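Single-structure report; data block below.
Here, each number is a calculation from the coordinates, and none is a lab measurement. These figures come from a predicted structure and were not determined experimentally. Note that we place each Cβ from the backbone using ideal geometry, even for glycine, and neighbour counts take in every protein chain shown.
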Amino acid sequence: MQAMTNLEVIMNPFMLAVNVAMAFVETEIIREAKPIKHGWWAFAYAIIAMGITVWIGVDYSYSLSLMAKVLVEIVLLRAVTFDIALNLIRNEPWNYQSPTTTSIIDRIEVFLFNRNFLVEKLVYLALYIGSFFLPVTT
């Protein structure tokens with residue numbers, strides 16, 4: 001395994017903080033009984049993730065494959081952490097799952113994991129850890 005790059009060391013904790021911040025905002029949206037626009041939130045997350053990764057990556061002359069690897073890592077990081085953060089901020093059990101959803105991703109997860117939150121998060125965690133072993137060209 002290669003050592004983590006500065007890009008990974010910067011982006012993973014930064015995007016974890018972005019996940020938590022987004023969970024706080026979505027908590028307020030839920031409290032106000034407003035609909036969550038999942039597509040727009042995904043777009044915002046993607047813009048933040050890609051924008052900062054490319055900005056730092058270009059500034060330090062990192063390869064495109066490293067930048068792509070980091071993007072995979074932080075998407076998986078969101079899959080592991082966002083729902084748990086949202087649940088805890090809302091004072092719900094860490095593994096709470098809403099009985100209804102308008103999110104396409106949530107529907108896919110229900111199909112794949114049959115509402116088994118622990119298995120879902122463990123699979124994402126394994127993929128997240130595995131993503132650090134993805135090969136990168138220089």
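A few remarks follow.
- Taking a ≥ b ≥ c as the square roots of the eigenvalues of the Cα gyration tensor, the chain is classed as prolate, since a/c reaches at least 1.5 and a/b is larger than b/c.
- Using the Cβ-Cβ distance between Trp55 and Arg115 with R0 set to 35 Å, the FRET efficiency from 1/(1 + (r/R0)^6) comes to roughly 0.35.
- Max mean-square fluctuation residue, GNM over the chain, Cα-Cα springs under 10 Å, options Leu118, Leu16, Leu71: Leu118
- Residue-averaged [θ]222 nm for the chain, counting only DSSP H segments that reach four residues, each worth -39500 (n - 2.57): -24500 deg cm²/dmol
- Full-extension gain in nm, Asn12 to Val123, via 0.36 nm per residue minus C-alpha separation: 38.1 nm
- Counting only alpha carbon atoms, the long axis of helix 6-31 and the longest principal axis of the chain meet at about 20°.
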